[in-house]
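The next block holds one structure in the form of structure tokens; read it before the comments.
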Number of protein chains: 2
Amino acid sequence: MPNISKRGENAPASPIRKLVPFAEAAKKRGVTVYHLNIGQPDILTPEIGMKAVREADIKVLEYSHSAGFESYRRKLADFYSQYNIQLTPNDIIVTNGGSEALMFAMMTCMDNGDELIVPEPFYANYNGFAESLGVVIRPITAKIETGFALPPVSEFEKVITPKTRGILICHPGNPTGYLYSNEELLALGEIVKKHNLFLFSDEVYRDFVYDGCEHTSVLSLPGLDEHTIMIDSVSKRYSACGARIGVLVTKNKTVYNAAMKFAQARLSPSTLGQIMSEALCETPKSYFEEVKAEYDKRRMIVVNRLKAMDGVLTPTPNGAFYAMVQLPIDDSDRFCQWLLEDFEYNKQTVMLAPGTGFYATDGLGKQEVRMAYVLNEMDLHASMDCLEQALKVYPGRTVNAEMQHTINN
Amino acid sequence: MPNISKRGENAPASPIRKLVPFAEAAKKRGVTVYHLNIGQPDILTPEIGMKAVREADIKVLEYSHSAGFESYRRKLADFYSQYNIQLTPNDIIVTNGGSEALMFAMMTCMDNGDELIVPEPFYANYNGFAESLGVVIRPITAKIETGFALPPVSEFEKVITPKTRGILICHPGNPTGYLYSNEELLALGEIVKKHNLFLFSDEVYRDFVYDGCEHTSVLSLPGLDEHTIMIDSVSKRYSACGARIGVLVTKNKTVYNAAMKFAQARLSPSTLGQIMSEALCETPKSYFEEVKAEYDKRRMIVVNRLKAMDGVLTPTPNGAFYAMVQLPIDDSDRFCQWLLEDFEYNKQTVMLAPGTGFYATDGLGKQEVRMAYVLNEMDLHASMDCLEQALKVYPGRTVNAEMQHTINN
């Protein structure tokens, strides 16, 4: 039998999905599993999207332009102008989800063996994309104690080598919920200018910022047009994950034209997904206000419940709909599997994403889990009840970790 | 400004789409352009597909399983059983078009610098996929004089090196229309077993075979389960290119499991596309009979018209809906651009794909073009009228090439 590739061997299993078989087994045993592991919102997709699909007069379901329908790109340019991002349709490539946009960005700007600096913890699937393209991720650790703020510039400069090609941020952050301040963005701008790097910014959670915060896109930063590549998607904005429609946006024409060659090779993004997404551009502002209020409520439920648990540390996230939480446990992979295999409370349990998968540095994240607060109020409370009980009985619990540490040694 | 990657620089522009700006300019001048350059059929998509989408009760457009809906994979397994391909749903990964399936296959089986043998001329976008992943294509030339039959085994063995990881065929062939015989497939099977290689087979044109020929999938070949990976798509089968739904199919579990890691990283294929494609599995056999009869008619129009033109050589294709045609011209890139820029006949012209983009060997394909016979009878005749006239007046024409050659020297 021929061997598979090293990248095929080395690609990590998704921490978000790898425990699915254990969840399925739990459900077969009659246990209700609350899915806080995955950012699949329960928020209704605006009806205007499916309406457009239903009413589309499609006799032949054709390819679109490789960059996406021009009419859709025009609407997107309009959409972004409200965020102080000035674009033309020719700055935008519509992609099969934000995932493909990120793949195109990496392919276009980085060769095999090139290095990409990413503040960790980061969206776990960046590992899969990087591994598939031979891109080497150089992590810089953001600390839970500082709420996952951007590490100081000196930390970036320590890991820059001649092979460094760019910096990738998720803004606001998955899994941290951290929203970079304008000062932090300007600092990043200085680094990429000084070292002639690309700045990739995954902004798929742009619309989810709380506490009166405002989101600034890297595309709005002055003097960085040649450096910045923005990734976005309709998945979270409109609770339309299954549309698989994202965008790569850049004002750097060399990058755009090269990315277009990869876009042409795969012909086009989904026609139905584009019809839906184009219609969704007409979603009224009130929708976002309602959705944001709902997430805000959920966020505070999760944060308040967590803060009331012994030995649990969670910064209050300013954006997205995730919390990266430190738990009094020995090993987050073991704990998350145990929740599904060996634990239940009132015939219920909770599925979480182990923190280890969100770090590139070995050994980090063993006491952390990611929670997506994408369920309704009642289910969130039930999830928190499960977690609270679980932390009392989990065999690998380490409440009073200091004391345990002393005892163990 | 930071430099883009070498792969971004080196990726070839699609020969199928790179002349689009010239076509757009011609249309602006009021010239009708017949698109024989691209395999976008005018055949109606079976109504059953859009009906399912319209009737789907979607409140939240969610991700699907990363391998695609299990219900769809079950129907696919049923579908393939009629072709003597025995599968379970767990042998199938649903992808964003055949393009993504091929990317996953390459990532999973090949590392940067690994070599893939591909009979040329081949589907031009293989170049883009290979370039993006650092895969090196080693072409073996199939000759127009033999109708693009599989080159002899000795030709394959000449280019096998320690870095060779597989052989990729398109069966039936785009751009050649060539359908491999069972003897040819068995010969390929012997090579991959002897040299421990993978055999990738792009079978997206499986349903289009003529003259009573039958298609044999590589998945039906005995003793090759660990070697074979099949790529397929709904794009051509149901004239549903815009659905962007394909599949990667393999019985090799190591390959499957590694490919699933890449599939999980990009979350899922299009939900709407899958709903449509699942419904399309119910398309009655009569649809295929009608469509095949229609293509067969078109095929013979093109072949007969071409055979009647001076200095034109075209094998009669047995499958797909393309013809790779040798024309009495100096340079196919120049000719195809000239057709759009400088030629018109009754305010009409024809767009073709230059042959050079379908070869990896420099200099080949300069006298060849690919034609997709995807237009109706009347438009095809009009296209052939244009071509016939064009060949009479094209400044770089080489009818009586032998004589011209003598004169020029």
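Coordinate-derived values only; no laboratory data. Remember, predicted model here, so these are calculated numbers, not experimental data. Here Cβ is always computed from backbone atoms with ideal geometry, including for glycine, and neighbour counts include all displayed protein chains.
Stokes-Einstein diffusion for the stretch B:276-409, with the hydrodynamic radius set to the Kirkwood value over Cα pairs and evaluated at 37 °C in a medium of 0.692 mPa s, equals 202 µm²/s. Could you work out the relative contact order of chain B? I mean the mean sequence separation of Cα pairs under 8 Å and 6+ apart, divided by the number of residues, in percent. After rounding, I find 24 percent. In Å, what Kirkwood hydrodynamic radius results for chain A from the alpha-carbon pair distances? About 22.2 Å, per the Kirkwood formula over Cα pairs. Given the C-alpha centroids of the stretch A:199-239 and the stretch B:6-50, what is the distance between them in whole angstrom? Cα centroid to Cα centroid, the span is 32 Å.
Distant-in-sequence amide contacts of residue A:198, defined by a placed amide H-H separation under 5 Å and a gap of 5 or more residues or a different chain, comprise A:166, A:167. Pairs spanning more than 18 Å between alpha-carbon atoms, out of A:75/A:285; A:18/A:297; B:59/B:261; A:261/B:261: A:18/A:297; B:59/B:261; A:261/B:261.
Counting pairs of alpha carbon atoms under 8 Å apart in space and at least six apart in sequence, what relative contact order in percent does the stretch B:47-280 give?
Computed over the stretch B:47-280, the figure is 30 percent.
When A:288, B:104, A:122 are sorted by how many other C-beta atoms sit within 10 angstrom of their C-beta, beginning with the fewest, the order is A:288, A:122, B:104. Between the C-alpha center of the stretch B:290-357 and that of the stretch B:376-398 there is a gap of 8 Å. Computed from the Cα positions only, the extents of the stretch B:11-74 along the three principal axes stand at 47, 32, 23 Å, in decreasing order. In this structure, the amide hydrogen of residue A:322, modeled 1.01 Å from its nitrogen in the peptide plane, lies closer than 5 angstrom to those of A:177, A:373, counting only residues at least 5 positions away or on a different chain. Inter-chain Cβ neighbour count for B:102-115, averaged per residue, equals 4 (cutoff 10 Å, partner chain atoms only). For peptide B:244-256, the mean count of partner chain Cβ atoms within 10 Å of a residue's Cβ comes to 2. Axis angle, to the nearest 10 degrees, between helix B:97-109 and the longest C-alpha principal axis of chain B: 70 degrees. About its Cα centre, the dipole of the stretch B:315-378 is roughly 180 debye, where the only charges are +1 on Lys and Arg Cβ and -1 on Asp and Glu Cβ. Label point of residue B:313 (7 Å along Cα→beta-carbon): distances to the other copies' equivalent points are 7.5 nm, sorted ascending.
Placing a label point 7 Å from Cα along the Cα-to-Cβ direction at residue A:146 gives distances to the equivalent points in the other copies of 6.6 nm, listed shortest first.
Ordering B:220-227, B:130-137 by mean Cβ neighbour count within 10 Å, with the highest value first, yields B:130-137, B:220-227. Only beta bridges with both residues in chain B are counted; by DSSP, about 50 percent of them are antiparallel. Output the 0 to 90 degree angle, nearest 10, between the alpha-carbon long axis of helix A:271-280 and the longest principal axis computed from the alpha carbons of chain A. So the helix axis and the longest Cα principal axis differ by about 80 degrees. With all pairs of different C-alpha atoms in the average, the Kirkwood value for the hydrodynamic radius of the stretch A:80-191 is 15.2 Å. Between copies, the label points at residue B:393 (set 7 angstrom from Cα along Cα-to-Cβ) are spaced 8.7 nm, reported in nanometres from shortest to longest. Taking 8 Å as the Cα distance limit and 6 or more residues as the minimum spacing, I'd like the relative contact order of the stretch B:309-380 as a percentage. Answer for the stretch B:309-380 is 33 percent. Computed from the C-alpha gyration tensor, the three semi-axes of the ellipsoid equivalent to the stretch B:47-280 are 30, 20, 16 Å, from longest to shortest.
List the equivalent ellipsoid semi-axes of the stretch B:165-301 in whole Å, largest first, each obtained as the square root of 5λ for an eigenvalue λ of the Cα gyration tensor.
26, 23, 11
When the P(r) of the protein assembly as shown is calculated, the portion above 50 Å amounts to 18% of the C-alpha pairs.
At 25 °C and 0.890 mPa s, grab the translational diffusion coefficient of the stretch A:43-87 from Stokes-Einstein with a Kirkwood Rh over Cα pairs, rounded to a whole number in µm² per second.
Diffusion coefficient, whole number: 191 µm²/s.
In chain B, the longest principal axis of the Cα atoms and the axis of helix B:253-265 are about 80 degrees apart. Can you bin the stretch A:125-236 into rounded, prolate or oblate? Criterion: square roots of the alpha carbon gyration tensor eigenvalues sorted a ≥ b ≥ c, rounded for a/c under 1.5, prolate for a/b above b/c, oblate for the rest. Judged from the Cα gyration tensor, the stretch A:125-236 comes out rounded (a/c under 1.5). Among the residues of A:163-170, the average count of other protein chain beta-carbon atoms within 10 Å of the residue beta-carbon is 1.
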